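Trainee: After the structure tokens below, expect a handful of questions from me.
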Amino acid sequence: ETGGIYTRTGDNKTTAVYDPKLQNINRVDKDSIIVEAIGAVDELNSYLGVVRSLLKDKKISENVRFIQIKLFEVGAILSGASAEFSSESTKKIENVIDQIDDSLPPLKNFLLSEGSSAAVNLMYARALARRAERRVVSASRHIVVSKEVLSFLNRISDCLFVFFRKVNNDSGFTPDLWYKDKK
């Protein structure tokens, strides 16, 4: 007999994912590319919770929460749920990016990840978003991943970057610009 949280079925280095083609649950290795993709999306989603705990800007926090909710949908789809992912989610994120980017000074250089705790954690989450996207792209060679999911994942890192800039800008902090020749 097992507890409510653990089943012991994963003790053999496998985990269960739904196979929509066969309409059943399959056991796959825990290090399979599909599980790696699901895990990377979960890691990003979890870390966005850390980010939200540091944010003072309620509007940014609400947008990060929206991304978290959508990442749960992406995780479910990657796990085999037969669900549609709407391009409206990407359009919403693009609108947020455009609004914030238009309010910030133009940027023509890379920025160092520095500033407030909220800002640097947004940059770390941006890096996690890029890794999650790479893992999902790899998984898309083995499972069907819609263009809408891939577009949304691609836009998250851009969104987190403008949030980083806005949080620093609102606090009066200007990160150093990176120049190729700068020592």
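The values are calculated or read from the model by the stated rules, or taken from the named source; none is laboratory data. Small disclaimer: the values here were computed from a predicted structure and weren't measured. Note that we place each Cβ from the backbone using ideal geometry, even for glycine, and neighbour counts take in every protein chain shown. Calculation scope for accessible area: heavy atoms of the full protein, side chains included, ligands and nucleic acids excluded. Shrake-Rupley method; radii C 1.70, N 1.55, O 1.52, S 1.80 Å.
Trainee: Inspect all residues belonging to region 170-178 and state whether any of them is in a helix (DSSP H, G or I), more than 27 Å from K58 (Cβ to Cβ) and in contact (Cβ under 8 Å) with a residue 24 or more places away in the chain.
Mentor: no
Trainee: Moving on. Counting only residues that are within 21 Å of V51 (Cα to Cα) and of a type in the set (D, E, K, R), which one in region 115-152 is most open to solvent (accessible area, probe 1.4 Å)?
Mentor: Checked region 115-152; the qualifying residue most open to solvent (accessible area, probe 1.4 Å) is R130.
Trainee: Examine region 47-64 for a residue that is within 20 Å of S140 (Cα to Cα) and touching a helix residue (DSSP H, G or I) at 6+ places or on another chain (Cβ under 9 Å), and state whether such a residue exists.
Mentor: No, because not a single residue in region 47-64 is within 20 Å of S140 (Cα to Cα) and touching a helix residue (DSSP H, G or I) at 6+ places or on another chain (Cβ under 9 Å).
Trainee: A further question follows. Could you check how many residues of region 53-73 are surrounded by fewer than 19 Cβ atoms within 10 Å (Cβ to Cβ) and more than 21 Å from K91 (Cα to Cα)?
Mentor: Number of matching residues: 4.
Trainee: Moving to a separate point now. Can you work out which of the residues in region 74-114 that are of a type in the set (D, E, K, R) and either under 20 Å from the mean Cα position of the chain (by Cα) or under 25 Å from A40 (Cα atoms) (or both) is most open to solvent (accessible area, probe 1.4 Å)?
Mentor: E84
Trainee: Got a sec? Which helices (runs of 4 or more DSSP H) wholly within region 1-119 have at least 3 residues that are of a type in the set (D, E, K, R) and within 30 Å of F173 (Cβ to Cβ)?
Mentor: Qualifying helices (runs of 4 or more DSSP H): 58-78, 87-103.
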